[in-house]
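The values are calculated or read from the model by the stated rules, or taken from the named source; none is laboratory data. It should be emphasised that the depicted structure is a prediction, and the values quoted were computed from it without experimental measurement. Cβ placement follows ideal geometry from the backbone for every residue including glycine, while neighbour counts extend to all protein chains displayed. Note: accessible area is taken over every heavy atom of the protein model, side chains too, but ligands, DNA and RNA are not part of it. Shrake-Rupley method; radii C 1.70, N 1.55, O 1.52, S 1.80 Å.
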Amino acid sequence: MTPDQLNDALDAMAAAAGDDANLLPGLITVESGHWVNVLSAVRATCSALHDGLRHRDIVIHVGSQQETKVLTRAEAGERGAPYRDLAPRS
């Protein structure tokens with residue numbers, strides 16, 4: 001997944017969710033090697049330690065056992081909290 005593909009996936013998920021907040025983007029999981037080689041180019045931020053690493057206000061979890069994908073809020077459960085609205089592309 002490239003940064004553009006990630007943004008496309010986030011936008012598509014948000015559009016498909018309609019009025020169901022459980023279907024909005026909730027968590028981005030990234031395999032650590034993929035983060036280092038490809039996705040570190042996204043504009044990820046960390047404004048406070050308790051907020052964690054975020055892209056477009058969606059939490060990112062990076063790890064060697066992760067699969068690179070976007071989960072809905074329902075799929076992410078507490079792992080993506082606190083949830084925020086998807087920020088526009090910059």
I'm told G63 meets every condition in (1) in contact (Cβ under 8 Å) with a residue 12 or more places away in the chain; (2) surrounded by 13 or more Cβ atoms within 10 Å (Cβ to Cβ) except one. Can you identify the failing condition by its number? (2)
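May I ask you to verify whether D19 is under 12 Å from the mean Cα position of the chain (by Cα), open to solvent by 60 Å² or more (accessible area, probe 1.4 Å) and without any contact (Cβ under 8 Å) to a residue 24 or more places away in the chain?
Values: under 12 Å from the mean Cα position of the chain (by Cα): no; open to solvent by 60 Å² or more (accessible area, probe 1.4 Å): yes; without any contact (Cβ under 8 Å) to a residue 24 or more places away in the chain: yes.
Considered against the rule, which asks whether it is under 12 Å from the mean Cα position of the chain (by Cα), open to solvent by 60 Å² or more (accessible area, probe 1.4 Å) and without any contact (Cβ under 8 Å) to a residue 24 or more places away in the chain, D19 comes out as no.
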State which residue is farthest from L24 (Cα to Cα) when the search covers only segment 70-90 and only residues that are open to solvent by 60 Å² or more (accessible area, probe 1.4 Å) and touching a helix residue (DSSP H, G or I) at 6+ places or on another chain (Cβ under 8 Å). R89
Does A9 count as within 10 Å of the chain's Cα centre (by Cα) and either exposed (fewer than 12 other Cβ atoms within 10 Å of the Cβ) or in contact (Cβ under 8 Å) with a residue 60 or more places away in the chain (or both)? yes
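For residues that are over 17 Å from A81 (Cα atoms) and surrounded by 14 or more Cβ atoms within 10 Å (Cβ to Cβ), tally how many sit in segment 31-58. Walk me through it before giving the result.
Taking segment 31-58 first, the residues over 17 Å from A81 (Cα atoms) are 31-43.
Going one step further and asking which of them are surrounded by 14 or more Cβ atoms within 10 Å (Cβ to Cβ), we end up with 31, 34-35, 38-39, 42.
Looking only at that region, the number is 6.
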